[in-house]
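Undergrad: Following this message is one structure expressed as structure tokens.
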């Protein structure tokens with residue numbers, strides 16, 4: 001993976017060894033903010049286009065990190081955008097020149113970070129490209145646009161830098177951990193970065209400066225192509241889609257076993273987003289298995305054995321659909337369908353109603369690690385890790401896109417407000433993908449994993465030994481040492 | 001739709017009026033078999049490639065219809081195909097020259113009917129095209145291959161006729177009703193036909209002769225493009241995928257209402273594939289509503305109002321995915337995935353286990369028309385009718401692809417052996433599509449239709465009035481008069 005090498009004159013590159021593979025990273029931290037102007041040499045204005053979850057988080061972090069420098073952060077929004085008051089409330093105003101119309105901001109910025117929705121990017125791409133100044137830099141936070149351009153046989157303009165910084169967590173966590181990072185230096189969401197076009201030799205430092213300014217404790221390199229595959233794939237997989245489908249099928253299965261609705265919800269959702277997530281976040285994946293008593297370890301093994309292959313099968317299909325461009329095409333077409341049928345919420349079903357009342361009277365100490373839930377969830381996570389490795393992704397990308405983003409960013413929010421709420425309130429692309437694939441995970445687990453479990457078939461010892469000795473455990477332990485362990489403190 | 005006009009010197013074209021639109025059809029019947037040699041002028045051998053459900057049915061019907069003529073029907077199979085003994089058992093043997101290796105049969109036939117699986121067509125298409133004699137005719141039974149060729153930017157060879165005859169029912173029914181047609185002249189499965197390339201002016205008579213020879217009571221014209229869209233769409237919709245998803249969600253909902261497993265199965269699956277199907281088949285869609293008492297009519301209206309829009313939304317997505325080529329790409333990719341993970345059955349879940357025991361002790365007179373099941377099923381059917389009309393399909397195609405094929409061919413088999421059995425035993429393309437989309441119908445109905453029902457929201461009277469006065473009712477009544485009403489007698 002020679003494309004993952006990089007050089008920087010501004011920051012200290014560090015070599016790490018992940019599963020016997022050398023990778024290079026940059027560590028972040030608030031102490032590096034004074035050298036940001038050097039990294040951003042030639043940039044007087046950073047335009048952040050869109051007040052999405054990522055847009056609002058990154059814009060505020062950038063502004064705070066660049067406080068006292070000559071670099072201005074300016075928000076660009078559509079005229080009459082309903083986000084204008086929200087941006088104003090966060091301190092971006094037309095009066096002081098930090099808020100403007102999006103195409104004006106695009107044409108006046110030396111670095112334009114495009115954080116409007118994927119469909120909006122696709123539908124307005126010609127005018128966006130026309131607005132960019134020759135020699136300026138276009139910043140993306142995931143690779144969707146490359147996938148879209150490829151699907152219609154087009155490309156980026158040749159006279160600009162194209163870079164990406166892709167936080168491995170949702171915008172809310174990017175902002176919240178940045179704030180916590182003021183006390184615990186280095187707290188934050190890891191990011192990958194990609195240099196797709198570098199016309200002036202400055203693209204790498206721009207990307208690294210951007211990543212450090214938004215608070216990434218660790219920044220690792222990827223390519224825009226690897227990124228869009230792993231990112232769009234990941235959110236349909238264990239980050240969101242799979243988790244949704246797993247708990248729906250588990251809830252039904254526990255009820256079929258005779259448990260009450262409340263009890264079924266606690267054994268599935270509460271266990272997954274609570275103690276299982278916390279154990280993985282703090283001590284790695286294996287710790288969940290090691291935490292169980294002998295009887296529960298056997299149950300975990302059975303669930304793992306039953307779920308790994310069905311989950312792998314659906315994950316393969318997702319990866320194929322993403323790589324072939326079908327998923328991207330589908331997102332663009334959905335935008336047209338939504339003009340007729342706006343997307344509705346998924347949280348109205350009985351299960352999520354039960355969930356709301358369970359959360360209201362939650363006593364964290366009463367939520368146990370359920371071995372079946374843990375086995376099925378972790379089998380899906382491991383299937384995702386194995387598939388991404390087969391497809392040639394780096395361990396940094398795999399660990400962040402399959403595990404760290406889940407347990408450090410998304411699952412804690414799901415624990416706070418429910419998985420259905422999370423699905424209903426993420427980006428349109430993620431929302432569409434989660435809704436589509438959750439049902440597939442649900443059906444295949446119900447048809448194959450639970451029927452195997454119910455028939456009490458034996459453990460797949462070879463598969464389980466692969467889990468016990470998997471290289472990902474060393475990778476995670478290296479990643480864990482690269483930044484402080486901070487429990488995200490969720491507000492709102 | 002001028003492309004739907006056609007001329008034949010051999011058969012009698014008949015004009016029918018469907019919802020004030022003129023369409024032309026050819027009626028079939030065993031009495032027409034003596035003029036088949038005239039229709040097939042120039043054809044000495046018809047090669048039927050593949051012993052699929054359609055392959056075995058069409059080959060036997062063709063052979064029986066052409067008995068006593070000079071036209072030979074010859075089966076072409078891969079060397080070492082496991083179907084060889086099955087073809088032999090049906091009377092096709094190498095000894096009498098009616099069974100051979102597929103490429104040899106392709107190159108020696110004047111009409112080659114390609115009935116191997118879609119993925120096998122795609123994977124071997126170059127050698128298949130090379131084997132066809134210039135001036136010969138390629139016959140298809142649905143438009144998948146056109147969709148595939150378009151998706152890879154290729155086309156049919158220019159020196160052959162390309163025609164299609166597409167029975168609107170599965171192979172088993174095509175054979176079974178043909179046999180019943182010996183007693184009730186005209187019993188059979190309707191077919192559409194398409195003339196994609198006509199290099200010698202004989203293509204139309206070849207297609208009509210083929211359709212009459214396999215026993216189609218009514219043959220109507222379409223284009224290969226319209227056909228693949230409506231066909232691949234239809235089997236993911238109300239023919240198979242939607243029905244599977246509808247009953248899964250209904251079963252769960254009835255259980256949630258406190259009914260026993262057996263009772264929930266009877267109210268959902270048994271009611272749908274039993275009396276609801278029979279009423280529609282014999283007296284049209286409206287008859288189901290009219291059959292209900294006042295209280296049940298209100299329940300039907302509520303279920304219809306709740307389900308129509310969510311069903312329409314998923315159907316739009318299916319149509320988009322089919323039209324864009326994504327679904328076709330997905331079938332080809334699935335073939336590669338299946339080498340690692342062969343498709344497993346869906347019928348192992350508790351619901352289908354319950355179903356087997358319910359069927360074993362079935363008393364038909366105890367199966368009622370459940371108004372909720374009927375409302376949701378018919379709303380989905382009507383959404384499919386409306387979407388196909390919006391997309392410009394002819395009423396013949398719509399009625400056959402959304403209603404007649406369901407109630408006259410597929411549902412009776414489902415009633416006999418279960419919907420899950422049907423899904424597990426149809427073509428790979430249909431099986432993939434049904435598995436994928438059933439879960440989507442299930443989720444959207446559960447999240448939107450049932451939550452609406454449970455909250456007892458009011459009836460959408462405007463939507464319901466559109467149902468009551470819909471043009472499809474006249475279309476169905478015309479279609480019903482075009483052929484004898486025969487209850488398919490299912491054996492095996």
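Each value in this text was obtained by applying a stated rule to the coordinates, not by laboratory testing. If you're wondering where the values come from, they're calculated on a predicted model, not measured in any experiment. A quick note on method: Cβ atoms are made from the backbone with ideal geometry, for glycine too, and the neighbour counts reach across all protein chains shown.
Undergrad: When a/c is below 1.5 the answer is rounded, else prolate if a/b is larger than b/c, else oblate, so apply that to region B:203-297 with a ≥ b ≥ c taken from the square roots of the Cα gyration tensor eigenvalues.
TA: It is prolate, given that a/c is not under 1.5 and a/b is the larger ratio.
Undergrad: Only bridges whose two residues both fall in chain B count here: according to DSSP, what percent of them are antiparallel, nearest 5?
TA: 40 percent
Undergrad: Antiparallel versus total DSSP beta bridges in region B:146-220: what percent is that, nearest 5?
TA: Percent antiparallel among DSSP bridges in region B:146-220 is about 75.
Undergrad: When only C-alpha pairs under 8 Å and at least 6 residues apart count, what is the relative contact order of region B:14-217, in percent?
TA: Relative contact order here is 24 percent.
Undergrad: Nearest 10 degrees is fine. How inclined is helix B:171-180 to the longest principal axis of chain B, computing both from alpha carbons?
TA: Between helix and principal axis, roughly 80 degrees.
Undergrad: Where in region B:396-410 is the amide nitrogen less than 16 Å from a point lying 7 Å along the Cα-to-Cβ axis of residue B:480?
TA: Within reach of a label on residue B:480, which here means backbone N under 16 Å from a point 7 Å along Cα→Cβ, region B:396-410 contributes B:399-400, B:403-409.
Undergrad: Once you order the gyration tensor axes a ≥ b ≥ c over the Cα atoms, which shape class does region A:275-383 get: rounded for a/c under 1.5, otherwise prolate or oblate by comparing a/b with b/c?
TA: Verdict is oblate for region A:275-383.
Undergrad: Which three semi-axes in whole Å describe the equivalent ellipsoid of region A:14-217, each the square root of 5 times a Cα gyration tensor eigenvalue, listed largest first? Could the numbers behind the result be given before it?
TA: On the way: eigenvalues 120, 92, 52 Å².
Value: 24, 21, 16 Å, ordered largest first.
Undergrad: Give me B:272, B:106 sorted ascending by neighbouring Cβ count inside 10 Å, so fewest comes first.
TA: Details: B:272 27, B:106 23.
Arranged by neighbour count, lowest to highest, B:272, B:106 become B:106, B:272.
Undergrad: At residue A:15, with labels set 7 Å past Cα in the Cβ direction, how many nm apart are the copies from this one, shortest first?
TA: Nearest to farthest, the other copies are at 8.5 nm.
Undergrad: What is the distance, in nm, between label points placed 7 Å from the Cα along the Cα-to-Cβ direction at residue A:339 and at residue A:104?
TA: For the pair residue A:339/residue A:104, the computed spacing is 2.8 nm.
Undergrad: Can you give me the relative contact order of chain A as a percent, contacts being Cα pairs under 8 Å and 6 or more apart?
TA: Reported as a whole number, the value is 19 percent.
Undergrad: Modelling each spin label as a point 7 Å along the Cα-to-Cβ direction, I'd like the residue B:67/residue B:360 distance in nm, to one decimal.
TA: 4.0 nm
Undergrad: So, one more: Roughly how tilted is helix B:472-481, in degrees to the nearest 10 and between 0 and 90, from the longest Cα axis of chain B?
TA: The helix B:472-481 is inclined about 50 degrees to chain B.
Undergrad: Turning to a different aspect of this structure: Estimate the FRET efficiency between residue B:154 and residue A:298 by the formula 1/(1 + (r/R0)^6), using the beta-carbon distance for r and 56 Å for R0, to the nearest 0.05.
TA: Rounded to the nearest 0.05, the efficiency is 0.55.
Undergrad: At R0 = 45 Å, how high is the FRET efficiency between residue A:262 and residue B:123 if r is their beta carbon distance? Nearest 0.05 is fine.
TA: It comes to 0.30.
Undergrad: Right, another one. What order do you get for A:79, B:333, A:270 when you list them from fewest to most C-beta neighbours inside 10 Å?
TA: With the fewest neighbours first, A:79, B:333, A:270 line up as A:79, B:333, A:270.
Undergrad: If we count other beta carbons within 10 Å of each Cβ, what is the order of A:393, A:416, fewest first?
TA: Fewest to most other Cβ atoms nearby, the residues stand as A:416, A:393.
Undergrad: Let me ask something additional. Å³ per residue of the Cα convex hull, for region A:1-61?
TA: Dividing the Cα hull volume of region A:1-61 by its residue count gives 154 Å³.
Undergrad: Given the -39500 (n - 2.57) contribution per DSSP H run of 4+ residues, what per-residue ellipticity at 222 nm results for chain A, rounded to the nearest 500 deg cm²/dmol?
TA: The helix contribution divided over chain A gives -15000 deg cm²/dmol.
Undergrad: While we're looking at this one, here's another question. Which shape class, rounded, prolate or oblate, goes with region A:114-194 when its Cα gyration tensor gives a ≥ b ≥ c as root eigenvalues, a/c under 1.5 marks rounded, and past that a/b bigger than b/c marks prolate?
TA: prolate
Undergrad: How far apart are the residue B:151 label points across copies, placing each 7 Å from Cα toward Cβ, in nm, shortest first?
TA: Taking the point 7 Å beyond Cα along Cα→Cβ, the inter-copy spacings are 1.4 nm.
Undergrad: Grab the alpha carbons of the protein assembly as shown, take their convex hull, and tell me the volume per residue in Å³.
TA: That works out to 176 Å³ per residue.
Undergrad: To continue, here is another question. Against the 2.2 N^0.38 Å scaling, with N counting residues, where does chain A land? I'd like the Cα-based Rg ratio to two decimal places.
TA: Normalised Rg, Cα atoms only: 0.95.
Undergrad: Against the longest alpha carbon principal axis of chain A, how many degrees, from 0 to 90 and to the nearest 10, is the axis of helix A:53-65 turned?
TA: 50 degrees
Undergrad: Provide the FRET efficiency to the nearest 0.05 for the residue A:185-residue B:199 pair, computing r from the beta carbons and using R0 = 60 Å.
TA: Given R0 = 60 Å and the Cβ-Cβ separation, E is 0.20.
Undergrad: Between region B:122-138 and region A:159-189, what's the alpha-carbon centroid distance in Å?
TA: Centre-to-centre distance over Cα atoms comes out at 57 Å.
Undergrad: At residue A:368, label 7 Å along Cα→Cβ: distances to the other copies, nm, ascending?
TA: Shortest to longest, the spacings are 4.2 nm.
Undergrad: Shifting gears a bit: Starting from the Kirkwood radius over alpha-carbon pairs of region B:233-481, derive D by Stokes-Einstein at 10 °C in a medium of 1.306 mPa s and give it in µm² s⁻¹.
TA: Numbers: Rh = 18.1 Å.
Using the Kirkwood radius from Cα pairs, D works out to 88 µm²/s.
Undergrad: Right, another one. Give me the percent of DSSP beta bridges within region B:123-259 that run antiparallel, rounded to the nearest 5.
TA: The answer is about 45 percent antiparallel.
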